[in-house]
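Trainee: Got a structure for you, questions after.
Any read-out appearing in this document is the output of simple, stated calculations on the displayed coordinates, not a laboratory observation. These numbers were taken from a predicted model, which means no experiment stands behind them. Quick reminder, even Gly has a Cβ in these numbers, built from the backbone with ideal geometry, and neighbours come from all protein chains shown.
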Amino acid sequence: MRKVYITGVGFITSIGNSAVAVSESLRELRHGIVQFPPFQKAEVPVKVAAPIRDFQTDTTDAEDWIFPARYNIRRETLRGMAPHGIYAYCAMQQAVEDAKLTEADWSNPHTGLYAASAGSPFLLGHHLERMRKMGVMRCAPLGVVAAISGTVNFNLVSQFKIKGASTGFSSACASSAHALGFAYDEIKLGRQKRMFVVGAEDGNVESILPFAGMRALSLQHDPSIASRPFDVARDGFVGTGGAAVLVLEGEEEVARRRAKVYGEVAGWGQASDGYNVAISHPDGAGLRMAIENALNYTDVTVESVDYVNAHATSTPIGDLSEARALKSIFQNSPTRPAISSTKALTGHGLSLAGAMEAGFCALAMKEGFMPGSAHISKIDPACEGLNIIRATLPHQPNVILSNSSGFGGANVCLVFKSV
Amino acid sequence: MAQSVTNPSGIPLKPFTPDDDANLREALKRCSAATYEAAAQFRKTGNTEHLPAIVLGIIERYVEPDLRPKLKEAEDDLRIIEDLGIDSLTMMEIVILVEDVLQMTINNEELRHLRTVGDVKTFIECKVRGLPLPKPTKFLPIEAIVSVMPIQPPFLFLGEASVNAHGANAKYKISGQEFFLQGHFKDNPVLPASIMLEALGQLAVLFLLEGQVGEAGKTVDHRTIFFTSCEGVRCHRVCRPGEVLNLSIKPKRLKSPLATFEGQIRVGQEKAAIAEEITLTFAFAEEVAEPAPQAQPAAAVASDPALAAVNA
């Protein structure tokens, strides 16, 4: 069977805007969470977020946006973008450079792009308001493509002249893990030789604060402990945005191009809770089944798993159900894999999370480390028996699982292998 | 509209409040200061002389910086899509800003035919003044020219052409294969001045056939067009094979049976020839009784002795 490899990564994240910076933050457990200025109002009880540095995208006019000078983006490219569109564009630039691809390599019928974002509630709100105030004929011509879910694939596919398979995935916080899984399938099935996988989110007031309504956000004021998955005192997630891009290529392309390889995507599995629209199954039944499916598909034994990059977002209910799922999988395993949630550092990137964490796993495999689970001062007793690592380990994981769970009880488990 | 006042130019003026001014500044914040000044003046006075500056200023804001110098040349036949790289969505952005700034509404249908900067300027001016809209610039590739012209190769000296209400433009590349270059001159091919004048005459013929001449519904019969006279013809430069002639004519007087044009030819930015007046005769289709079987073809323009004398 054809093998699938990760050959390039790109990051615009709260813990760094390059693979080098991200890798350093992961190893040194440097978080990207701050008291977010737009939240510092009496009527907003949520105070912290994990914003993107070196970009300014807080106006509705893309021409006002500020971004690092190394990215040269023309007005006609910018005008159809949401804030996360520009993050994704920049991460995509990094990824194609990292994979040493030329336009001829990626702009052909054998190269596709799967992406995930929740759209831009920020721009959607702005454009709808304009429509109500000024009339339908004064709607910005590109307001729709900049704002709706799918904006990130519309933009990247046209800007990078992608000719192969393209679509968007919409399973909330499992979206970009789904995108990666199905991108893997495209290559495995021989339909595509190369796939870009993109996860992105605005990470601003409009994309984060609505979660306050379901009491999912941390109300901590102290950025250094606000996101603490598996800690007994965790009180909700910290919102973030940004973009992550991975380049997946089949083994023939890797051999032909003599491409540098981060690691292998060994396969994936998914399953659904069939339980509640927004609350994860108390025993993590769907996630457990997703992990089992992934292990069965890839022929990976429970004992051979070295590291699990958990979905754990730092919400009381979500982390508990994941802990239960992990326990049920690994309870009889003598090897006990290292487990951590990198969301302690990054915050929760929603649709971005799956691709971002897959990117972290790629760095961990290539550079030989397992990032610790930061900010735990007292571990939740419900996690007893799990090997949750609080410090980064300087060992290369051979087999990694990366979990993602989204609304509606969608669960994805990705499996990576070091080469 | 009850409290609107009317200025001498007949355009109803709405009051221009400080709020309106603030909105105008915001809307035009990426345009030149001159664009805002012109727009504010227009909104206060209704003076349509400001319109070209406003429209050009708004178009300029949407043109990529590397293409903006083209706009500085302010040629009315600059094409919006081909020369300025503006696509239909950017055109919509321009329209929305123009609507906002000039307080008017433009329909999609009206936009479809706007091809040049000149079309846009004329269109906006007509809209603002409430005048009927002129026919927009029509572009004719060589195939279209051949199909409408009574003059045919090898005696046709027009390549691609554009025609609108104000005149016509065309290009002609001297290929070097023109039959008369063998003898004009010996071992020294130079386009005859009579041919330059002929080319301008042919462009005037195209204008009569494709432009808006006379009352609505009337069309010029191509069999009725002949050369009558020319005045003030001066050649400034020798034209040789490989060079591209930029021909332009503008009507000075159009009243059946005579049409008088001024014309000029440039090569690049250099003036090659001018004709202060070229006059043709013509008649409308319904004025022609029966097709005369022995009718002289319009190509006779060039064989007219008066024209032949030009090169003497």
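Trainee: Any chance you could give the angle, 0 to 90 degrees and rounded to 10, that helix B:18-27 forms with the longest Cα principal axis of chain B?
Mentor: Relative to chain B, helix B:18-27 is tipped by roughly 50 degrees.
Trainee: Give, to the nearest whole percent, the P(r) tail of region A:220-285 beyond 18 angstrom, counting all Cα pairs.
Mentor: Within region A:220-285, distances greater than 18 Å cover 68 percent of Cα pairs.
Trainee: Any aspartates and glutamates with Cα under 17 Å of the B:LYS255 Cα? List them, leaving off those in the same chain fewer than 8 positions away.
Mentor: B:GLU210, B:GLU215, B:ASP221, B:GLU277, B:GLU286, B:GLU287
Trainee: What order do you get for A:325-335, A:159-169, A:3-13 when each peptide is scored by the mean count of other beta carbon atoms within 10 Å, highest first?
Mentor: Result, highest mean Cβ count within 10 Å first: A:3-13, A:159-169, A:325-335.
Trainee: What number in nm² do you get for region B:165-254 if you take the convex hull of its Cα atoms and divide its surface by four?
Mentor: That works out to 7.0 nm².
Trainee: Let's see if you can work this out: charge +1 on each Lys and Arg Cβ, -1 on each Asp and Glu Cβ, no other charges. What is the dipole magnitude of chain B about its Cα centre, in debye to the nearest 20?
Mentor: Here chain B has a charge dipole of around 440 debye.
Trainee: List the GluC sites (Glu not before Pro) within region A:304-405 that DSSP assigns to loop and that have no more than 10 neighbouring Cβ atoms inside 10 Å.
Mentor: A:GLU384
Trainee: Using the Karplus curve 6.51 cos²θ - 1.76 cosθ + 1.60 with θ = phi - 60°, what ³J(HN,Hα) values do you get for each residue of region A:99-114, in whole Hz, with x for Gly and Pro?
Mentor: In residue order, the calculated couplings are 7, 6, 9, 9, 4, 4, 5, 9, 9, 7, x, 9, 10, x, 9, 10 Hz.
Trainee: With charges set only on the Cβ (+1 for Lys and Arg, -1 for Asp and Glu), what does the dipole of the protein assembly as shown come to about its Cα centre, in debye to the nearest 20?
Mentor: Dipole about the Cα centre, nearest 20: 720 debye.
Trainee: Rounded, prolate or oblate, given the Cα gyration tensor of region A:266-417, with a/c below 1.5 counting as rounded?
Mentor: rounded
Trainee: Only Cα pairs within less than 10 Å get springs; with that Gaussian network setup on chain B, which residue of B:LEU28, B:LEU102, B:LEU13 has the largest fluctuation?
Mentor: B:LEU13
Trainee: Can you compute the equivalent ellipsoid semi-axes for chain A, i.e. the square root of 5 times each eigenvalue of the Cα gyration tensor, sorted largest first and rounded to whole Å?
Mentor: 30, 27, 19
Trainee: Leaving out same-chain residues fewer than 8 places away, which aspartates and glutamates sit with a Cα under 17 Å from that of A:LYS260?
Mentor: Reachable aspartates and glutamates: A:GLU97, A:ASP98, A:ASP105, A:GLU249, A:GLU251, A:GLU252, A:GLU367.
Trainee: Further, regarding this structure: Dipole of region A:38-166, Cα-centred, from +1 at each Lys and Arg C-beta and -1 at each Asp and Glu C-beta, to the nearest 20 debye?
Mentor: 320
Trainee: I've got another one for you. So what's the gap between the Cα centers of region B:30-83 and region A:123-150, to the nearest angstrom?
Mentor: 26
Trainee: Calculated FRET efficiency, B:ASN188 and B:THR228, Cβ-Cβ r, R0 30 Å, to nearest 0.05?
Mentor: Given R0 = 30 Å and the Cβ-Cβ separation, E is 0.35.
Trainee: What Kirkwood hydrodynamic radius do you get for region B:104-143 when you take the inverse of the mean 1/r over all pairs of distinct Cα atoms, in Å?
Mentor: 10.9
Trainee: Ok, one more. Mean residue ellipticity at 222 nm from the helices of chain B, using -39,500 (n - 2.57) per DSSP H segment of n ≥ 4 over the full residue count, to the nearest 500 deg cm²/dmol?
Mentor: The helix-only estimate for chain B comes to -9500 deg cm²/dmol at 222 nm.
Trainee: If you wrap a convex hull around the Cα atoms of the protein assembly as shown, how much volume per residue is inside, in Å³?
Mentor: Cα-based convex hull of the protein assembly as shown, divided per residue, equals 215 Å³.
Trainee: Show which aspartates and glutamates lie in cross-link reach of A:LYS327 when reach means a straight Cα distance below 16 angstrom and same-chain residues fewer than eight apart are skipped.
Mentor: A:ASP283, A:GLU292, A:GLU303, A:ASP306, A:ASP319, A:ASP380, A:GLU384
Trainee: Return the subset of B:LYS173/B:LYS218; B:LYS171/B:LYS218; A:LYS163/B:LYS70; B:LYS218/B:LYS252 for which the Cα-Cα distance in this structure is over 23 Å, preserving the input order.
Mentor: Table pairs above 23 Å Cα-Cα are B:LYS173/B:LYS218; B:LYS171/B:LYS218; A:LYS163/B:LYS70.
Trainee: Here is a further query. Expected output is a single nm value to one decimal: the length gained when fully extending between B:LYS171 and B:THR219, i.e. 0.36 nm times separation in residues minus the C-alpha distance. What is it?
Mentor: Net length gain for the segment: 14.8 nm.
Trainee: Per-residue Cβ counts within 10 Å, from other chains only, averaged over A:385-394: what number is that?
Mentor: 0
Trainee: Report the net charge of residues surrounding B:GLU125, where surrounding means a beta-carbon distance below 13 angstrom and charges are Lys +1, Arg +1, Asp -1, Glu -1.
Mentor: My count for the surroundings of B:GLU125 gives 0.
Trainee: Let me ask something else about it. All other residues with a Cβ under 15 Å from the Cβ of A:LYS188 taken together, and with Lys, Arg as +1 and Asp, Glu as -1, what is their net charge?
Mentor: Charge balance near A:LYS188 sits at -2.
Trainee: For region B:1-158, what is the relative contact order in percent, using Cα pairs closer than 8 Å and at least 6 residues apart in sequence?
Mentor: This gives 18 percent for region B:1-158.
Trainee: For region A:4-257, give me the percentage of DSSP beta bridges that are antiparallel, rounded to the nearest 5 percent.
Mentor: The answer is about 65 percent antiparallel.
Trainee: To the nearest Å, what is the center-to-center distance of region B:222-277 and region B:95-143, using C-alpha atoms only?
Mentor: So the two Cα centres are separated by 28 Å.
Trainee: Mind checking the mean number of beta-carbon atoms from other chains within 10 Å of the Cβ atoms in A:71-82?
Mentor: The mean count of partner-chain Cβ atoms within 10 Å per residue comes to 2.
Trainee: Indicate, rounded to the nearest 5 percent, the antiparallel portion of the DSSP beta bridges found entirely in the protein assembly as shown.
Mentor: Antiparallel: roughly 80 percent of the beta bridges in the protein assembly as shown.
Trainee: Counting each DSSP H run of 4 or more residues in chain A as -39500 (n - 2.57), what helix-only mean residue ellipticity at 222 nm follows after dividing by all residues, to the nearest 500 deg cm²/dmol?
Mentor: Computed mean residue ellipticity for chain A: -9500 deg cm²/dmol.
Trainee: Counting Lys +1, Arg +1, Asp -1, Glu -1, what net charge surrounds B:PHE261 among other residues with beta carbon under 12 Å of its beta carbon?
Mentor: -1
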